[in-house]
1. Taking only the alpha carbons of the stretch 60-195, what extent do you get along each of the three principal axes, in Å, biggest first?
2. Taking the Cα centre of the chain as the origin and placing charges on Cβ (Lys, Arg +1; Asp, Glu -1), which of GLN63, GLN201, PHE219 is farthest toward the positive end of the dipole?
3. Could you work out how far the C-alpha centroid of the stretch 103-124 sits from that of the stretch 343-359, in angstrom?
4. When the C-alpha atoms of the chain are aligned to their principal axes, what extent does each axis show, in angstrom, from largest down?
5. Placing +1 on the Cβ of each Lys and Arg and -1 on the Cβ of each Asp and Glu in the chain, which of PRO105, THR234, THR169 has its Cα farthest towards the positive end of the resulting dipole?
6. What value, in deg cm²/dmol to 500, does the helix sum -39500 (n - 2.57) over DSSP H runs of n ≥ 4 give at 222 nm once divided by the residues of the chain?
7. Which residue fluctuates most in the GNM of the chain (Cα springs below 10 Å): HIS50, HIS92, HIS154?
8. What percent of all Cα-Cα pairs in the stretch 177-250 falls into each 10 Å bin, going from 0 up to the bin containing the maximum distance?
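Values quoted throughout were computed directly from the atomic coordinates according to the rules given, and no laboratory measurement underlies them. Quick caveat: nothing in here was measured; it's all calculated off a predicted structure. When we count neighbours, we look across all protein chains shown, and the Cβ atoms used for this are built from the backbone with ideal geometry, even at glycine.
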Amino acid sequence: MSSSKVAGKASYKIASIPADGIGPEVIAAGITVLQKLAATLKTFDIEFEHFDWDSAYYKKHGQYIPDGGLDRLKAFDAILFGAVGAPDVPDHISLWGLRLAICQPLQQFANVRPTKVFRGTQSPLRKCSTGDLDWVIVRENSEGEYAGQGGRSHVGKPWEVCTETAIFTRHGVERIMKFAFETAQSRPRKLLTVVTKSNAQRNGLVMWDEVAAEVAKGFPDVTFDKMLVDAMTTRMVLKPESLDTIVATNLHADILSDLAAALAGSIGIAPTSNLDPTRENPSMFEPIHGSAFDITGKGVANPVATFWTASEMLAWLGEKEAAKQLLDCVESVCEKGIVTADLGGKATTVEVTNAVCKEIEETLSTEKA
Ligand code: ATP
């Protein structure tokens with residue numbers, strides 16, 4: 001980690017990779033708000049270096065990340081990532097070429113996805129208001145169904161054969177369970193739901209359950225229960241208040257967290273952290289949503305997911321108070337009705353960004369007018 005402390009003031013170096021679609025629009029908004037927060041609070045400094053690794057770069061150079069690119073990233077305290085994907089690049093090429101090509105070698109094995117109903121926003125559920133839905137989904141981010149194992153033989157022939165092998169290692173499952181129990185323990189309700197499918201997937205997921213039960217012994221203050229992933233979807237919709245922290249495999253959590261984001265009001269709100277909990281490598285922070293080409297360049301992308309992402313990044317860097325203050329300002333702006341179309345409003349990306357900057361200025365400035 002390269003953060004430096006001069007006279008008690010931390011200084012953070014962030015690598016920004018806006019990439020494709022609405023990525024550049026929301027990352028620009030996120031950087032504007034982070035710089036405003038740093039300039040207002042004066043308790044930390046933050047600087048950004050931009051990387052132009054996107055699908056246009058791939059089409060020109062045949063790779064998303066230039067040689068030596070990962071080593072360059074290691075010099076940063078954190079990575080702020082937009083979205084990757086282009087209509088003329090197959091999704092599995094862009095995903096494996098950029099996002100997973102960073103997450104996997106940098107050992108960002110814990111993918112953390114908080115979701116809640118913000119003040120001023122509405123869940124599509126009839127009986128669910130602020131406080132009823134406040135979850136953290138912990139997604140295994142290094143193996144499982146997305147380990148990349150498998151192959152294709154006799155491509156295109158009627159007898160083509162493909163394998164897509166899920167990998168579960170005791171090491172990988174233990175470290176994500178420990179992280180999930182620690183996350184549950186750090187939250188007031190100390191409640192963890194372990195999502196599984198061990199009735200049908202009788203090898204890896206049976207070990208998944210066994211390891212959960214073993215790790216649970218080290219966390220006697222955390223209550224945990226086990227849910228099959230199919231039953232989990234109905235519980236999320238029908239009894240959102242019964243859940244708090246959730247841990248699931250790479251594939252299961254990928255799907256459940258999109259459902260979670262929609263239940264909280266919009267996919268335009270939700271953040272993701274790809275963490276290396278050992279802190280040997282920088283962690284990567286990104287909004288959950290993808291490139292959203294249908295709204296790219298229209299100036300209407302909701303920047304709130306990136307603002308919440310920025311807040312999660314600050315908390316990980318140790319700026320917990322600043323992180324909370326930023327999220328409070330974002331929620332206040334939502335409460336005032338300054339929201340984009342996906343949340344039922346009329347504001348543009350820039351208008352929401354300016355409103356959050358104004359809120360920061362008005363509520364957090366220590367200077368007397
Ligand atoms: P990808 O394939 O990269 O995941 P996608 O376009 O298929 O991208 P998402 O970007 O995750 O999927 O989102 C699906 C839809 O949700 C978008 O097409 C868009 O209409 C809407 N959406 C996503 N993000 C936002 C946002 N920040 N603000 C407003 N609407 C959004």
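1. 51, 42, 35
2. So the residue furthest toward the plus end is PHE219.
3. 21
4. 70, 51, 44
5. Final value for the positive-end residue is THR234.
6. Working: 12 runs with 138 residues, N = 369.
Value at 222 nm, helices only, nearest 500: -11500 deg cm²/dmol.
7. With Cα springs under 10 Å in the chain, the top fluctuation among HIS50, HIS92, HIS154 is at HIS154.
8. The calculated distribution, bin by bin, is 20, 52, 27, 1.
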